[in-house]
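Notes follow the structure.
The values are calculated or read from the model by the stated rules, or taken from the named source; none is laboratory data. This is a predicted model, so every value here is computed, not measured. Positions of Cβ are backbone-derived with ideal geometry, glycine not excepted, and every protein chain shown enters the neighbour counts. Each accessible area value is taken on the protein alone, full model and side chains, heavy atoms only, with ligands, DNA and RNA left out. Shrake-Rupley method; radii C 1.70, N 1.55, O 1.52, S 1.80 Å.
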Amino acid sequence: MTASHVAGGAKPLQFGRLAPLLWTYLRPQGPRVLLLAASLIASVGLQLVAPQMTSRFIDLVVSLAAAAPQNRLLLLAVLFIAATLATQLVRLAGAYLSAQVGWTAANRLRDDLARHCLALDMSFHNARTPGELIERIDGDVSSLASVFSQFVFQILGSGLLMIGILAVLTAQNLWIGLTLTVFAAAAFAILHATRRLGMPLFAAERQARSELAGFVEERIGGLDDVRANGGGGHVMLGLERLNTRLTTTGVRAIRVAAIYIVLITNAVFITGFGVALSLGVWLFQHREATIGQVYLLVQFTAMLRAPLETIGGQIQDLQRTMASLGRVQDLQAMTPRVQSGPGAAWRRPSPQVEFDDVGFAYNDAEPVLADISFRLEPGQSLGLLGRTGSGKTTITRLLCRLYDPTFGVIRLDGHDLREAELGELRHHVGVVTQDVQIFQASVRDNLTFFDLDIPDARLLPVLQDLGLGPWLDRQSDGLDTVLLGGGGLSAGEAQLLAFARVFLKNPGLLLLDEASSRLDPVSEGLINHALEQLLGLGLGGGRRTAIIVAHRLSTVRRVDRIMILERGRIVEEGRREALEADPSSRFAALLRAGLEEVLA
Ligand code: ATP
Ligand code: MG
């Protein structure tokens, strides 16, 4: 009693949360939803009508045993068949409509959510694993999809059917109606309580299953390390342990499902039958009901089972869905800190870049950058040096506004970066990240980022210019060769592909985070050649403004200015030639010592 009271108390609140979502995603499908409602009502009506015809039929046969009017009987039989057929057709149409409404709504929600997540800050993404987001956008939305379709169709349909059955029976005989109403309420309470009994066991089984999946995923992900370190035995032992747990929890859950739930459910409905039958016999003997009405009573009692079970099951689903809904709504409520600006004029092909006393901290923790001030004139390139963790990559992230500075201002052509419209800014800034992402897609799609407007005639010369021609010739299907995400490309090749992407984009500002891994001399030669190409502007001549996080001597030899970072602060900045010529400079010392040894 207490439990159902609590559930009852929580429900209005939950529906309150659900309503706006239903409204947002069902409203655009208005006519279809109305049709669905109509089919629902029609289906319930037809289900109630058919047994009443059988009941009439029986009564007619019994009362007029000798001289039964053939044509009336025939008419009833035909109507019965028509009603049954129509029930099936309407149900089919309803199921189709509800699936369509449900999936259309869910797909819209999934779209909205994915777009929303893409716009959220990097700090949001850093704090979450890809698996978690997949679970939100796919798992939770799928479970909401069932609310959109099944909830409406099944709970409302079942509820209507149940009310209809009880109403028809009450209209025929008050006592029958009352008895069956009491039975339905008791059955519902008992079934609900039994299900609750099994819930923790099913939850334990699901938990064991997800732990096993997580374990396998992580170990397969780390296969190289596991093998190399001879950790196979340990992994198998862990697998064994989780497997055993899954088996025990699974068996326990099935035992409860089989014994208690099936047994109790059957017991409840057999009791219901017994009550209905006894009541029917008693009423018939006391001439309170005809044999046809007794048939109707028994038939309707049997028909109560399906809606009772459905509603019970759906309520359980609904509870799970409410958890999904809560998570989805929390996600929707998040707003990105980095907001697009109104748009600032971009005066030149290559912008002037200025950092004015910039400071930055990830997640409001220790500052990663402090007092960063420097200026790059249009077309100048800056070589950024510093030990690992000194904040080089962070500077490039601030420039394409993956984060905004905590202090200070970054300006492009004199305009605060925050004024720029995000899409436009990223259109003008080309980025090659430290570890290049290759997607599982064709070479063409990897280069164009799925932009179908870029013709092959533009791709091929770029690949040739960057020295990827021989590489492309080795690919079995040329531009159509499907690359395996991440695998199958050397670090140098991946970097060259990323250069090609930037080339096609032709941005005015280039941010290049050199891979810190060492390259073989041939790849290094190719990269240097490609870099030289990349720094020159495509059409207008001149050069791109560029910030290059450099790890190699040959790269720093190419740039106009040098900046050395140490623990997020600038320790040296100036024209490369001047620093090179000054034997007391850090840069000159780095060159003397060989860059890599010192910076590693
Ligand atoms: P490397 O040469 O190894 O690439 P880096 O100079 O590029 O190093 P950054 O990646 O800019 O270094 O990192 C600077 C500091 O910020 C490091 O201490 C790092 O731990 C921290 N950091 C980097 N990325 C994040 C992040 N997403 N969240 C929190 N802290 C971060
Ligand atoms: Mg870095």
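Given axes a ≥ b ≥ c from the Cα gyration tensor, I'd like to know whether the range 182-339 is rounded (a/c under 1.5), prolate (a/b larger than b/c) or oblate. Oblate, since a/c reaches 1.5 and b/c is not below a/b.
About the Cα centre, and with charges only on the beta carbon of Lys, Arg (+1) and Asp, Glu (-1), how big is the dipole of the range 268-413? Nearest 20 debye, please. Could the numbers behind the result be given before it?
Working: 13 positive and 13 negative charges, 73 e Å.
The dipole magnitude comes to about 360 debye.
Would you calculate a helix-derived [θ] at 222 nm for the chain, using -39,500 (n - 2.57) for each DSSP H run of n ≥ 4 and dividing by the full residue count, to the nearest 500? For the chain, the value works out to -21000 deg cm²/dmol. Taking Lys and Arg as +1 and Asp and Glu as -1, the other residues whose beta-carbon sits under 13 Å from that of Phe124 total 0.
The mean sequence separation of alpha-carbon pairs under 8 Å and at least six residues apart, normalised by the residue count of the range 174-296, gives a relative contact order of 36 percent.
Placing +1 on the Cβ of every Lys and Arg and -1 on the Cβ of every Asp and Glu, with nothing else charged, gives the chain a dipole about its Cα centre of roughly 2280 debye. Rounded to the nearest 10 degrees, the angle from helix 70-119 to the longest Cα principal axis of the chain is 20 degrees.
Per the 1.4 Å probe, what fraction of the accessible area of the range 397-498, in percent, lies on carbon and sulfur atoms? Please list the in-between numbers first.
Values: 2640 of 4910 Å².
In the range 397-498, the share of accessible area belonging to carbon and sulfur is 54 percent.
Counting Lys and Arg as +1 and Asp and Glu as -1 over every other residue whose Cβ lies under 15 Å from the Cβ of Thr248, the net charge comes to +3.
Judged by the mean number of other Cβ atoms found within 10 Å, the most tightly packed of the peptides 350-360, 191-201, 391-401, 221-231 leads the ranking 391-401, 350-360, 191-201, 221-231. Take each peptide in 71-81, 405-415, 378-388, count the other Cβ atoms within 10 Å of every residue, and average; sorted highest first, the result is 378-388, 405-415, 71-81.
Heavy-atom accessible area per residue, the chain, 1.4 Å probe: how many Å²? Before the final figure, lay out each step's value.
Working: 30960 Å² over 600 residues.
Value returned for the chain: 52 Å² of accessible area per residue.
The mean sequence separation of alpha-carbon pairs under 8 Å and at least six residues apart, normalised by the residue count of the chain, gives a relative contact order of 13 percent. Peptides 232-238, 566-572 ordered by packing proxy, namely the average of other Cβ atoms within 10 Å per residue, highest first: 566-572, 232-238. Rounded to the nearest 10 degrees, the inclination of helix 263-285 to the longest alpha-carbon principal axis of the chain is 30 degrees.
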